[in-house]
Structure formats: C-alpha cells, structure tokens
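Below is one structure, written out as structure tokens, with a few remarks after it.
Taken together, the values in this text are just the output of simple stated rules run on the coordinates, not laboratory data. All figures in this text were calculated on a predicted structure; none of them were measured in a lab. As a convention, Cβ positions derive from the backbone with ideal geometry for all residues, glycine included, and neighbour counts pool all protein chains shown.
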Amino acid sequence: MKTVLCPDAHDLLLVIDVQNDFCAGGALAIPSADAVVAPINRLAQCFAHIVLTQDWRPADHWNFADNHPGRRPFDTIHLAYGAQALWPSHCVQGSRGADFHPGLRLSRAELILRKGYRSGIDSYSAFYENDRSTPTGLSGYLKERGIRRLFLAGLATDYCVLYSALDARRERFQAVLLEEACRGLDIEGSVAKALQAMRGAGIDIWQTA
Ligand code: VGL
C-alpha cells in the first residue's frame, strides 16, 4: 500500500550517506544506489527540515582492509568493541568519493553531519559510533529543534540506514523508512534481515504515493 507523504513542522528527512563512493563507479558501490537520488529529490520537496549525513574517514582508518596487510575487504576483525567488517577504502576526507552524489538537489538541508572521522571506530549510525556509546550529537540537535519524527532515506539500507533508524528509536524519535529511497549492499540476505529488525523496533516502512 502506498502512503501519501504529508510531513509537519516536527518531521525531518534524514538522508544517509548518498556519496559518490557508495554509487556507481565508487569504491564501495551499492547495487542500484544511484536510483535513490530521484526519489530523495522528489520527497525532499515536502519537508521543512532536511539533514544529511556524510561518511568522512581519515585515510588511516582502522576499518579499511588496505590498513591490514594480508586482509581483504569484507573480512571480519575483532576490536575492543566487538566484531567489525573491513571495507575497501572509501569516503576519504576531501576526496571526490566522499562528495555527495552530484544529482542531489538538497541545498535547503540545515545540517551536514559528518561521521567516521575517528580512525579507530567504524561508524554506521547517524547517532552513535559503532562502539554504541560515542554520540555524534545528532540526538541533542534534533531534540533542541523540536523534531519528533524522522523519515530515513539513503545508503545503505542494511548498514548506515539500519543503524540510524534503530538508534532513532533508541533516542525516542518516531521513525519511518522511505523504502523506495534506500538501497542496500545485501550481503547474505542482509536487507531482508534489516527490514525485519526495523519492523521489530517499531519503525514504519513506507512506500510513498
Ligand atoms: C556504509 C559500510 C561501510 C553505509 C558505510 O553507508 O551504509 N556501509 N561504510
């Protein structure tokens, strides 16, 4: 069923990591990632408030396989805070790959939140680093601004969008996933698992009309 989107002044569109390295030709390209751009641009027109996140990593990031001789992208390593996937080097600070997709028309966005800039901790969620305890400050920003409900779009459904949505609930925001405006890496069924986890956490999943 399709839902008509009609956001109010307490609603915000949170656009996760729509950056060149996650799109076609990028270092960590997500299948069909570029297809999120048109729906995001269209949906954004309804929102009074828009925030973007930007993965923003130092070149010596601990979670880049390049920084672990003998390891390959998508291997798992164990860090003090738990198991962690190794990634191809991506979204390096100041690089073209870290830039937003050139097709995004979101100049009205009120905040660009950078994450992943600590070389020792990976960063998926817009709210907490992967140690699950280091905050990015987004929750306080949104609460001070009177935001109550977040609509999530972007990349990747099964990583940064998933963890951002779960943390939105943890921070007591209402959360809605705009499914047609997201794409996932889908490693061994991870998109289906992500959707199930989101539903279980009380996140609404909408197809918009
Ligand atoms: C992401 C894997 C590694 C994402 C970022 O944006 O979903 N996934 N870094």
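Here is the list for segment 108-199: GluC sites (Glu not before Pro) lying in DSSP coil, each with at most 15 other C-beta atoms within 10 angstrom of its C-beta, are Glu110, Glu188.
Of the peptides 18-24, 46-52, 132-138, 66-72, the order by per-residue mean of other Cβ atoms within 10 Å, starting with the highest, comes out as 18-24, 46-52, 132-138, 66-72.
Per-peptide packing, taken as the mean over residues of other Cβ atoms within 10 Å, places 97-107, 26-36 in the sequence 26-36, 97-107 from highest down. The loop-placed trypsin sites (Lys or Arg not before Pro) in segment 133-204, going by DSSP, that have at most 15 neighbouring Cβ atoms within 10 Å of their Cβ come out as Arg145, Arg148, Arg172. If the segment from Arg71 to Ala197 were pulled out straight at 0.36 nm per residue, it would be longer than the present Cα-Cα gap by 42.4 nm. Among all the lysines, which ones have a C-alpha under 29 Å from Lys115's C-alpha, if same-chain residues fewer than 8 places away are not counted? Of all the lysines, those that pass the test against Lys115 - Cα under 29 Å, at least 8 places apart if same chain - are Lys143, Lys193.
Quick check: from the Cα gyration tensor, does segment 1-88 come out rounded (a/c under 1.5), prolate or oblate?
In terms of gyration-tensor shape, prolate.
P(r) for segment 57-185, from all Cα pairs and a bin width of 5 Å, is 2, 9, 17, 22, 22, 15, 8, 3, 1, 0 %, short bins first.
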